[in-house]
Amino acid sequence: MRLEPEDELRLNRLRRLVTGQGVLSVFLETEPGLALHHGHIAQLMDVLRDLRRTQSGDDLARVEAESERVLRFVREEYVPHGRTLAVFSSSPRRLWEALSLQLPLRSLARFAPKPYLAPLEVALEDHPRVAIALVNEERARLFTAVFSEIEAEHEVKEHVPGRQRQGGWSAFKYQRDRERHIREHFRHLVVELQDLQKARPYKWLVIGGADDATSALVNLLPKTLTPKLAGTFREELFKTDDEVVKRGAAIADEAERAEELSLAEEIRDRAFAGGPAALGWDETLQTLGEGRVHRLAIGAAKLASEEADRAIELAWQTGAGVEVVHGSAEDVLAASGGVGALLRY
């Protein structure tokens, strides 16, 4: 699932906070139904202890005070639900936000002049929304999904005349009328997909159904949706929601990995040819600081490192895109420390 609308608003408020007195940011993996003393409290105490070891002086005192505030909340008020608890606390700034997220994020704590949003932002970027349409000549089931979990769904049904078995001129007219209704059905589906893109912007579109139905819809896609098409699959309309979304999400994931590999290879090839690209942490951080980066690529294994935190923060400050790469794409960048970038100039 993506963030709930209320959480989106709260996250936007956190994004707008300016640099000021320190904010304690905590991400805690949770499991609904599991008693706090069976792991959540111990896990929270571990990440807060690790954070305190990196602080000194006034910052240490602040971290200890904010840590106690978070611990008290988790022990006395919090009821685990979702996949991750995110807490942002700063008493001097009168800041307190606690969000229960469906996104699975690893447990960690940071103390900084602004809320530490990198894990959440990267997760949202790394797991884009997928639209899945399962169609036939008169019906369609439309889904949006994130993390292979259904976010929203609805069904579209048109009145299409049945097949005519008799011959003759009347049968010809009947068949022509039927084909017109089918074309209108698929045109209507295109409008539905366009409206869905406006309401719940998706990165990838996957279309399932019989070959003739998927081809008919694909051929009608406008230029705004064609680049989003990750692929098609053959499936009957009666399959369960979970089966449909699982197949669609797998195809979208393949498209995502292919896009990552293309980006990593382009960075490497441009850099080796002396073109507008950066490889390695030193060069990438320097070009980020100069505002020259167009797209930043970071290997998944490097996330949550100090260098990655700094690179992502600089990318957002300068309007650069951020892509977390996995598998073969990560291997391409491994020789350069797991990071690279395409440059604007």
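Derivation of every value follows stated rules applied to the coordinates shown; laboratory data play no part. Fair warning: this is a prediction, and the values are worked out from it, not measured in the lab. Cβ: placed from backbone, ideal geometry, glycine included. Neighbour counts: every protein chain shown.
What to note about this one:
- Gln286-Ala250 pseudo-label distance in nm [points 7 Å out on the Cα-to-Cβ vector]: 4.6 nm
- In order through segment 329-337: 3J(HN,Hα) via Karplus (6.51 cos²θ - 1.76 cosθ + 1.60), integer Hz, x for Gly, Pro: 5, 5, 4, 4, 8, 4, 5, 10, x
- Rounded to the nearest whole Hz, the Karplus-based 3J(HN,Hα) values (6.51 cos²θ - 1.76 cosθ + 1.60, θ = phi - 60°) of segment 136-143 follow the sequence 9, 6, 9, 9, 8, 10, 10, 10, with x at glycine and proline.
- Residues with amide H under 5 Å from that of Ala277, placed H, sequence gap 5 or more: Leu343
- Put simply, the amide H of Val325, placed in the peptide plane, has neighbours under 5 Å in Ile298, Gly299, Ala300, leaving out anything fewer than 5 places away on its chain.
- DSSP bridge orientation in the chain - percent antiparallel, rounded to nearest 5: 75 percent
- Between Arg187 and His81, the modelled labels are 4.5 nm apart [label points 7 Å from Cα along Cα→Cβ].
- Bridge type composition, segment 276-343 - antiparallel percent by DSSP, nearest 5: 60 percent
- For the chain, a Gaussian network of Cα nodes joined below 10 Å ranks Phe233, Phe73, Phe27 by mean-square fluctuation, and the top entry is Phe73.
- Farthest positive-ward along the chain dipole, Cα basis, beta-carbon charges - from Gly327, Ala98, Thr284: Ala98
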